[in-house]
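A quick write-up on the structure given underneath.
Bear in mind these aren't lab numbers, they're just calculated from the coordinates by the rules spelled out. The structure presented is a predicted model; accordingly, all values stated were derived computationally and were not measured. Cβ placement follows ideal geometry from the backbone for every residue including glycine, while neighbour counts extend to all protein chains displayed.
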Amino acid sequence: MRPLAFALSLTVGLLAGCGSAADDAKPNNSTPPAAATPSAPAKRTLTPHDPPQWFDARGQVPLPEAATKGRTNLAGQVRGGGEDLPVLLHEDRAFVVSPTGVQVIDLADGRTVGEETARGEVLNKDTDGLVLPPVLAGSEVLVPFLLTMPASGTHTAGAMVELVAVSTTPPYKAAWRTTVKLPEWALYSSGKVQAAAIGAEDGTAVVTVTGGEDAVSYGIDTASHALRWTQPGLEAVQAGAGTAVGLLHVEPLTAVPLGVDLATGTEKWRGAKTYAAIMNRAGPGTVRIAGPQVGDKGDQLLDVTSGQPRATMPPGMRAMSCTYDRVQTLVCTHGFAVVAVDAITGTLLWALKDGDQGRKAPTVTAVWHGRVYGRGVGGPVVLDARTGTDMPTKPEAAPLLVNSFAGLVLNDNRLSSYPAGG
């Protein structure tokens, strides 16, 4: 059968190729087939996992240099950890801040999808390592910039903070911006001057500026963009439940816990003078204050609306730094130990020290939504924040910042986004 089929095929081919010249000259009214158009590659998207169990190193996307500029030490580690990086993760976007502007990065492909710049000259040069992360306030991201005020007429030069509210929707431009003149110490301070957006609630945004032993906090109307109140000496750390809370600098190395009304800035409560006090966020409506003279216990969780203790932290934890997982747990680390505490009751949940039951405490890199991420003896690990047990999946990386879409991982002094996996 094969020879016959070949012969028939050859005959048909010859006949088709023997048309007359006249036939060749006839106009061809048939439409030639359209040229094949290469299809554009599908846009990569990220799938949320809350919380992530692992991170896909194959989808690594580098972030701008500003994310880590001035942040790493000689060992290739980020000073202060991920919570101090000038980066805010919001859904599948990263807001990366520098002293002069903010870039909005698509975490799926690394594209810059939005950008805003400060309108003025930076107050101090080479301050990349001092920039703090922006904060989310509803549908806006609040970004403060420290700028100079040039001399004008009879007015001498000075310093100011510019607060820019960047929209979280395309094209990611400034929804509004405003400036507030700073005290004279900000221009001449020998300490490291930093500006932090603390948060916003019920139409008031709180910004605090610190430099050495000096501090000042402002309440700014998010509708009119006018200055509502000023609290000299207050280093605010949290805004919520109708109250801005922080440490009021009253003497060298001595501060007073203070709560002021968010709308008016009037004092609501005041604690006792505390030497070498440290105050941090500890959950909704709660701050942690630690110091050798804080009450009788030395380490407490305070209610922000009243200043009264909600709970006392377990003994021996004053030297530990704690990170709130944004749900219900404080995860605290120091040296070769990791401890977890309930953020409401202050109850000790678990503690892991080197040698406990044949385990070695990991180096914690991030805490988020009931998970503890870090580096263990066998590589990257994930622990359950409520129990301290190892999760069964291998995370592939130890991220410094996490949300449901991605983890930010440091490699060779460069921060990259890894897609989250469940």
> Which percent of Cα pairs goes in each bin when the distances of the chain are cut into 10 angstrom slices starting at zero?
Replying inline: 4, 19, 27, 23, 10, 3, 3, 4, 3, 3, 1, 0
> How would you classify the range 211-357 from its alpha-carbon gyration tensor, with a ≥ b ≥ c the square roots of the eigenvalues: rounded for a/c under 1.5, else prolate if a/b is greater than b/c, otherwise oblate?
Replying inline: prolate
> Given the range 341-390, what whole percent of its Cα pairs are spread farther than 15 Å?
Replying inline: 46 percent
>> Using +1 at the C-beta of Lys and Arg and -1 at the C-beta of Asp and Glu, which of Ala165, Val207, Asn403 has the Cα lying farthest in the positive direction of the dipole of the chain?
In response: Asn403
> For the pair Ala226 and Lys69, what calculated FRET efficiency results from E = 1/(1 + (r/R0)^6), where r is the Cβ-Cβ distance and R0 = 30 Å, to the nearest 0.05?
Replying inline: 0.35
>> Between Tyr188 and Phe336, what's the calculated FRET efficiency when r is the beta-carbon distance and R0 is 41 Å? Round to 0.05.
In response: 0.45
> Arranged by the count of other C-beta atoms within 10 angstrom, fewest first, what order do Leu349, Leu247 take?
Replying inline: Leu349, Leu247
> Among residues other than Trp185 whose Cβ falls under 15 Å from its Cβ, what is the net charge (Lys/Arg +1, Asp/Glu -1)?
Replying inline: -2
> What value, in deg cm²/dmol to 500, does the helix sum -39500 (n - 2.57) over DSSP H runs of n ≥ 4 give at 222 nm once divided by the residues of the chain?
Replying inline: -1500 deg cm²/dmol
>> Can you tell me how the range 144-284 classifies by the Cα gyration tensor, rounded, prolate or oblate, using a/c under 1.5 as the rounded cut?
In response: oblate
>> Quick query: amide H of Thr329 versus all other amide H atoms, modeled in the peptide plane; which residues come in under 5 Å with a sequence gap of 5 or more or a different chain?
In response: Ala343
>> Using the Cα centre of the chain as the reference point, and only Cβ charges (+1 on K/R, -1 on D/E), how large is the resulting charge dipole? Debye, rounded to the nearest 20.
In response: 640 debye
> If the label point is 7 Å along Cα→Cβ of Gln77, which residues in the range 390-407 have backbone nitrogen under 17 Å from it?
Replying inline: 398-401
>> Placing +1 on the Cβ of each Lys and Arg and -1 on the Cβ of each Asp and Glu in the chain, which of His249, Ala340, Ala151 has its Cα farthest towards the positive end of the resulting dipole?
In response: Ala340
> Going by how many other Cβ atoms sit within 10 Å of their own, how do Ser417, Ser189 line up, fewest first?
Replying inline: Ser189, Ser417
> Taking the chain as a Gaussian network, where each spring joins two C-alpha atoms under 10 Å apart, which residue of His369, His155, His49 fluctuates the most?
Replying inline: His155
>> Would you work out the Kirkwood radius for the range 40-134? I mean one over the mean of 1/r across all pairs of different Cα atoms, in Å.
In response: 14.9 Å
> Dipole magnitude of the range 152-236 about its Cα centre, charges +1 at Lys/Arg Cβ and -1 at Asp/Glu Cβ only, in debye to the nearest 20?
Replying inline: 300 debye
> Whose amide H sits under 5 Å from the amide H of Trp176, counting only residues 5 or more places off or on another chain, with H placed in the peptide plane?
Replying inline: Ala165
> What ranking of Ser152, Ser416, Ser217 emerges when the number of other C-beta atoms within 10 Å of each C-beta is taken as an exposure proxy, fewest first?
Replying inline: Ser152, Ser416, Ser217
>> Full-extension gain between Asp354 and Thr264, please, as 0.36 nm times their residue separation minus the C-alpha to C-alpha distance.
In response: 27.5 nm
> Quick one: if the Förster radius is 22 Å, what FRET efficiency do Ala276 and Val250 give, using the C-beta to C-beta distance and rounding to 0.05?
Replying inline: 0.95
>> Taking the Cα centroid of the range 236-290 and of the range 139-168, what is the distance between the two, rounded to the nearest whole Å?
In response: 25 Å
